[in-house]
Each structure stands twice: as C-alpha cells, then as structure tokens.
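Before any comments, here is the structure.
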Amino acid sequence: MSSKEKETIITLISSILILGFYSLYVYQNYLIENWELINDFKFWGTTFLIMIPVAIVAQIIIHIIFAIINKIVTNEDLDEISDERDKLIELKAIRISHWIFTGGFLAAMSTQAMGMEPWAMFVTLIFSGFLSAIVSESAKIYFYRRGF
Amino acid sequence: MAKKISLPKFNLTNNIRTLRFHASEMTQQELADKTGVTRQTIVAIENGKYSPTLELAFRISHTFHIKLDDVFTVSFNK
C-alpha cells in the first residue's frame with residue numbers, strides 16, 4: 001500500500017473520530033444540561049465556528065503522529081511530492097465531495113421549506129459535510145487502487 | 001445545436017518495462033525520481049491504467065534518450 005493510500009485512510013478514520021468525539025463533547029457539555037439550545041442559532045453558529053479550527057488542528061496532530069509511527073514501523077518517509085496523478089485524483093474526489101455537499105445543502109434548505117425545526121437544517125448540514133468528506137476520501141482510495 | 005462528433009477509441013500502450021530492463025535494470029523508483037513523479041504513477045503507467053500527460057511522456061522518453069514514439073504506441077480501434 002502506497003503512503004498516499006495510507007494517508008487517505010488515516011484522514012478517513014480521523015474524520016470519523018473527530019466528528020464523533022466533538023459531537024459527544026457538545027452533547028455532554030451543552031445539550032444534556034439545556035436541551036432548549038438545540039434550536040438556538042447562536043449555539044449552532046458557535047458549534048460550527050469552533051468545530052472548524054478544532055478539526056484542522058486535530059487532523060494535523062493525527063497526521064504528524066501517523067508520520068512518526070510510519071517512520072518507526074516501516075523506516076520509510078511519506079511521499080512528499082504530489083505528482084500529476086495525485087492532483088487528478090484529488091480533483092476528482094473534490095468534484096464528488098462538492099456534489100454531495102450541494103445535495104446536502106439543498107436537503108438542509110428543504111427541511112426549512114417543509115416547516116421543520118431549525119436543528120434539522122443544522123444537523124443536515126453537518127451530516128452532508130461529514131458524508132462528503134467520507135465519500136471523497138473513499139473515492140481517493142478507490143482511484144489509487146484502480147490506478148487512476 | 002452542437003454537432004456531435006464521434007471520435008475513434010484508441011489504446012495507448014508502452015514498453016517502459018523493456019526500456020528499464022535495457023537501461024541496466026533501472027528500478028521503477030529510479031525512473032520515478034528522474035521524471036519527478038511517485039513510483040505508484042510509474043506502476044500505473046506501466047500497467048496501462050493511467051495515461052500520462054504529454055509533459056511526463058516527454059520526460060520519460062528523454063530519460064531513455066529516445067523518441068516519444070519509441071516509448072508509447074497508439075492503436076486506433078475502428
């Protein structure tokens with residue numbers, strides 16, 4: 001397995017873990033005490049804004065730890081160069097992720113058009129963002145395995 | 001209304017494996033280093049799973065000091 005494939009798998013797993021732990025943290029520390037926050041726009045705005053830097057920093061830390069462990073176990077460095085095939089695969093994955101998130105955004109707006117509560121829109125937005133990231137990383141693994 | 005053009009399908013084959021053998025058994029990693037790509041890209045090209053860009057194709061032919069036609073062969077299907 002190439003180091004690009006390994007990195008993609010690590011990104012996939014870390015995306016699931018980060019969202020899982022962050023959701024659990026928010027639920028246990030805020031929602032469990034005051035369930036009325038679920039329809040508070042300020043709560044969701046803050047949750048989104050904090051989630052972005054937390055996810056970025058967590059991804060960086062996880063990748064650094066992975067690079068160290070990979071070096072110790074295999075005695076090989078990760079591929080630093082990103083060639084034309086990597087960029088093409090990246091573009092294809094971004095395209096897929098874009099379409100999934102667009103679909104999720106439309107679904108989120110539909111929840112409001114159908115008169116559902118605000119939390120349904122925010123949960124749909126988070127879920128579509130998460131799904132687009134998962135499918136995008138899975139697509140990368142598929143393209144790397146297939147050759148292109 | 002845009003006119004639909006049907007282009008003939010083609011197969012792109014290469015003899016990089018043979019060329020590497022004749023170049024003192026050059027490894028895939030060595031060729032990758034000389035052409036500025038990863039070893040996986042060379043593997044994909046050799047197996048016919050990936051068609052390189054014109055730039056990379058020229059870099060590969062330049063590495064073996066031969067013409068592009070001697071590395072890649074195109075056959076059009078009727």
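The values are calculated or read from the model by the stated rules, or taken from the named source; none is laboratory data. None of these values were measured; they are calculated from a predicted model. Remember, those area values only see protein heavy atoms, side chains included, never the ligands or the DNA or RNA. Shrake-Rupley method; radii C 1.70, N 1.55, O 1.52, S 1.80 Å.
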Tilt, helix A:84-113 to longest principal axis of chain A (alpha-carbon atoms), in degrees rounded to tens, equals 10
Based solely on its DSSP helices, what 222 nm [θ] is calculated for chain A when runs of n ≥ 4 H residues each add -39,500 (n - 2.57) and the sum is averaged over all residues, nearest 500 deg cm²/dmol? -28500 deg cm²/dmol
As I understand it, the value is the acute angle between the Cα axis of helix A:118-146 and the longest principal axis of the Cα atoms of chain A; what does it come to in degrees, rounded to 10? 10
Just to be sure I understand: with springs between alpha-carbon atoms less than 10 Å apart, which residue in A:Trp44, A:Trp99, A:Trp35 has the highest mean-square fluctuation in the Gaussian network model of chain A? A:Trp35
Taking the full set of protein chains and a 1.4 angstrom probe, give the accessible area of A:Thr124 in square angstrom, rounded to the nearest 10. 40
For a 30 Å ceiling on Cα separation, which of these pairs sit above it: A:Lys92/B:Lys9; A:Lys42/A:Lys140; A:Lys87/B:Lys34; A:Lys92/B:Lys4; A:Lys6/B:Lys9; A:Lys140/B:Lys3? A:Lys42/A:Lys140; A:Lys6/B:Lys9; A:Lys140/B:Lys3
The rounded separation in angstrom of the Cα centers of region A:1-43 and region B:15-78 is 44
For chain A, what size does the Cα cloud have along each of its three principal axes, sorted from largest down, in whole Å? 52, 30, 17
Solvent-accessible heavy-atom area per residue, rounded to whole Å², over chain A at 1.4 Å: 62
